[in-house]
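Beneath this line is the structure, given in structure tokens, with notes to follow.
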Amino acid sequence: MDLKLHNSKKKIAVSETVFGSEYKEALVHQLVTAYLAGGRSGTSAQKNRARVSGGGAKPWNQKGSGRARAGTIRSPLWRSGGVTFAAKPRNYSQKLNKKMYQAGIRSIFSELARQERLLIVDDITVDAPKTKQLVAKLEELGLTKTLIVTETGDEKLYLSARNLWNVEVTDVAGLNPVNLVGFEKIVVTVGAIRAIEEWLS
């Protein structure tokens, strides 16, 4: 299949498998969920009654005091006691097979191409790490909320976009389902398209 270059009459031939596959909403949802879950720290921790210090002795006799019986001052019912269902550090990551992940990314790219949200350019560079230069270039392309994908990391481009809340620059290795789904437009260089095809074919 062929995809048109942005602001040009030229077309480039791309893989039908990568950019023309069926959209699988359930799989894409699973990818996004797994990616976000993997980013959770899972470090919240509380102490249950076994881990709170003190409380070795029985506070008062079992009978005769007129008060309710108590075995430890570290009961969850007491002030400074343990937490009833204490949170423990845990791993939230979900297992996702490599083939499933690649199929999901192919599905996203195919849908982006169908919705004309995938814009292919010969190259996108700036002369110096200046935000003003990148803003001017994006205005020239008629873009606002944009993900820019290059074949390899471009430090000048990255530094230029760092102060822009609605622009992100990444290389092919740094692509993930969340930023692909989250941006209105995805600007991809021809070199990056070839790298994506090699990765997903």
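The values are calculated or read from the model by the stated rules, or taken from the named source; none is laboratory data. None of these values were measured; they are calculated from a predicted model. Every residue, glycine as well, gets a Cβ built from its backbone with ideal geometry; the counts of neighbours run over all protein chains shown.
Things to note:
- Subset of the range 175-189 that is out of contact with any Asp or Glu (no Cβ under 6 Å at 6 or more places or on another chain) and over 19 Å from V32 (Cα atoms) - its residue that is surrounded by the most Cβ atoms within 10 Å (Cβ to Cβ): V188
- Selected residue (criterion: farthest from A113 (Cα to Cα)) from residues of the range 14-50 that are modelled with pLDDT of 95 or more, of a type in the set (S, T, N, Q) and not in a loop (DSSP other than H, G, I, E, B): T33
- For the range 173-201, the set of residues classified as closer than 21 Å to K11 by Cα and of a type in the set (V, I, T) consists of I186, V187, V188, T189, V190, I193, I196, listed by residue number.
- The range 100-121 - residue that is out of contact with any strand residue (DSSP E or B) (no Cβ under 7 Å at 6 or more places or on another chain) and of a type in the set (D, E, K, R) and, of those, farthest from L200 (Cα to Cα): E116
- Where E151 falls short, out of the listed (1) crowded, with 16+ Cβ neighbours inside 10 Å; (2) among the acidic types (D, E); (3) in contact (Cβ under 8 Å) with a residue 60 or more places away in the chain: (3)
- Residues of the range 160-170 satisfying the condition of being surrounded by fewer than 18 Cβ atoms within 10 Å (Cβ to Cβ) and either at pLDDT 95 or above or farther than 18 Å from D127 by Cβ (or both): W165, N166
- Some residue of the range 64-82 being within 28 Å of the chain's Cα centre (by Cα) and touching a residue at least 24 places away in the same chain (Cβ under 8 Å): no
- The residues on offer are V121, V126, V32, and the sole one that is over 24 Å from T152 (Cβ atoms) and of a type outside the set (G, A, S) is V32.
- Tally, over the range 158-187, of residues that are part of a strand (DSSP E or B) and farther than 20 Å from Q133 by Cβ: 1
- Condition check for S41: polar (S, T, N, Q), under 33 Å from the mean Cα position of the chain (by Cα) and surrounded by fewer than 10 Cβ atoms within 10 Å (Cβ to Cβ): yes
- Any pair with Cβ under 7 angstrom, 6 or more apart, that starts in the range 182-201 at a residue that is under 13 Å from I124 (Cα atoms) and ends at one that is of a type in the set (S, T, Y) and not in a helix (DSSP H, G or I): V187/T146; T189/T150; A192/T150
- Set L31, L27: member being closer than 30 Å to N97 by Cα, touching a Ser or Thr at 6+ places or on another chain (Cβ under 7 Å) and touching a residue at least 24 places away in the same chain (Cβ under 8 Å): L27
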